[in-house]
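Report on the following structure.
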Amino acid sequence: MERRRTLAILAGLAIMIGGCGKQVESTAPQNNARQEAPISVESVATNTAGFSAGNLLSTRKVYVFFDPQCPHCGELWRASKPLFSTVHFIWIPVALLTPDRSAEQGAALLGSKDAISTMDAHEALLESRKGGLDVASGAIPESAMRQVGVNTEFFRRLNLTSVPFVVFQGKSGETKVFEGSLTTQALESELGL
């Protein structure tokens, strides 16, 4: 009986972590059969909402789908910080790994008056194995909770499977994508900076 319980817990953890990817994929536009909605910078900008980090005046906008409970998303957050002076990142929270907790933490980030500091505090709590932001459900704006739901549904309509997932416009105007975390240097290279 104990062995079955252990196997069930391990299977659950494997499913939960399956939505969190580390590997970097191709930057070619996603035109495969698994996709239900086209991925474009315009569709992401129109159908989602996130919080801004970096240079708001930059013409280089980079959209990052992330789950607040994803450790690889935290790695990409830290790698992106040195690029804040030149890039405008829009971090789009989705609820995949631990749907209730991820949704609450994502909504708290969306509703924060200082999302960058809140994200830094959240990531520090995750790194110290304290689970991230401790959010009281009543303290979260309902509109922010709904928006995380909208973001998550759009992510699923794209038939994407892992976070972080990044969408940006290439130098020739084409939509480029990749998934997984990168070092700052690799991120700089991927974005063509």
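Below are the figures for this structure:
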read-out: Radius 12 Å from Cβ of Val94, net charge of other residues (Lys, Arg +1; Asp, Glu -1); value: 0
read-out: Proximal charge balance of Arg60 [Cβ under 13 Å; K/R count +1, D/E count -1]; value: +1
read-out: Calculated FRET value between Asp100 and Ser52, using beta carbons and R₀ = 25 Å, to 0.05; value: 0.45
read-out: Least to most buried among Glu123, Glu153, Glu104 (fewest other Cβ within 10 Å first); value: Glu153, Glu123, Glu104
read-out: Partners for Lys130 among aspartates and glutamates (Cα-Cα distance below 20 Å; same-chain residues under 8 apart left out); value: Asp67, Glu75, Asp100, Glu104, Asp120
read-out: Cα gyration tensor shape of segment 53-106, rounded if a/c is under 1.5, else prolate or oblate by comparing a/b with b/c; value: prolate
read-out: Residues of segment 59-85 with amide N under 15 Å of the 7 Å Cα→Cβ point at Asp120; value: 77-85
read-out: Set of aspartates and glutamates near Lys61 by C-alpha distance (under 18 Å), chain-local residues within fewer than 8 positions excluded; value: Glu42, Glu174, Glu179, Glu188, Glu190
read-out: Ranking of Val166, Val148 by count of other Cβ atoms within 10 Å, fewest first; value: Val166, Val148
read-out: Span from the segment 38-61 Cα centroid across to the segment 128-193 one, whole angstrom; value: 10 Å
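Just so you know, all these numbers are worked out from the coordinates, no wet-lab data involved. These figures come from a predicted structure and were not determined experimentally. Heads up, the Cβs are rebuilt from the backbone with ideal geometry, glycines too, and the neighbour counts pull from every protein chain shown.
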